[in-house]
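Every read-out reported here was derived from the displayed coordinates using simple, explicitly stated rules and does not represent laboratory data. None of these values were measured; they are calculated from a predicted model. A quick note on method: Cβ atoms are made from the backbone with ideal geometry, for glycine too, and the neighbour counts reach across all protein chains shown.
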Amino acid sequence: MSSKNRRQKSGSSKYRALARAVVLAAIAVLVYLIGKKTGVFHEIPKFEWNWKAVLRGVLILLAMFAAESIVLFLLDLPKPKNNRVRTLISLIRNMLRYAVILAAICVALTIFNVDIVTILAGLGILALIIGFGAESLIADIVTGMFILIDNQYNIGDIIEVDGFRGTVTEINVRSTVITDVGGNVKIINNSDMKNVLNRSDNSSKSVSEFPIPYETDLEELEKQLPALLQEIYENNQPLMLDVPEYLGVDKLDDSAIVLRFIVDVAEGDIYMGSRTLNHDLFIGMRKLGVEVPFPQLDVRQK
């Protein structure tokens, strides 16, 4: 999209927002005039408050937010390596935020002498009514609880959902946040977290498909591969969990014989393992006198 089109789109969105504000203001004025004409507003009880109640409420709010800040500070002090502990800390932070907001609303209402018990009873009935129309929201929350109870996955785990593979960065009350190796973030509702593949508890295998020319003496090369693979393993032990394995000839391409190699690595290093194996195989094969082939075309003329 060109800069001119972006400016036009931005300008049109501003005008739409302004038009929406004007329409809402006009509706509000119309409702006020109707209410004033019919005397409906006179039946609404006035809020009663005094400066003592305001000061007391402000003091309570400050104490609540101070306590929240202290708790959040204490939660940030430990740096647990265990993914389960990190998940529980994140959940506590999430729930604490909602609890403080709800408590602040209740304190604000008490300043104006509002009967919170009556409101909560009304909210309970309202929540029951809304619940029938918000089945997905309830399903997300309930599913999220079972995910945590069953310990299906935690923050820091590498999972795959519907072809999207990444690291769990957040587990909220109703959603899970996954970030892939490219930095792409995907937010999935907990009720949609089905057929999850958790790869964090198992090692993975990095794969390398290495081409060699048809002119290569394959039998002689296969005799030299164990020493080469052992050398590659010794040079990359923090990354590779075992000696790379030669599986044999994978396929016969037009211009090359493709050999297949695998190596055990941690799930988070699966791509780095393939790149490192390709790099070291290329250098090692050159030392053995084996060059990587390239497509060739033979032209014959009568």
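What to note about this one:
- Normalised contact order of the range 138-198, rounded percent, pairs of Cα under 8 Å and 6 or more residues apart: 34
- Part-to-part distance (alpha-carbon centres) for the range 222-295 and the range 89-111, which is given in Å: 56
- Two-site label geometry, residue 189 and residue 93: point separation in nm, points 7 Å out along Cα→Cβ: 2.6
- Dipole of the range 194-294, positive end: most advanced residue of 206, 195, 233 [Cβ charges, Cα centre]: 195
- Amide H to amide H distances under 5 Å link residue 242 with 264, where only residues 5 or more positions off or on other chains count and H is placed in the peptide plane.
- Overall form of the range 138-198 per C-alpha gyration tensor (a/c, 1.5; a/b vs b/c): prolate
- Flagged links, alpha-carbon separation over 25 Å, of 79/194; 223/251; 223/287: 79/194
- Comparing 278, 249, 259 along the charge dipole axis of the range 204-287, the residue lying farthest to the positive side is 278, per the Cβ-charge model.
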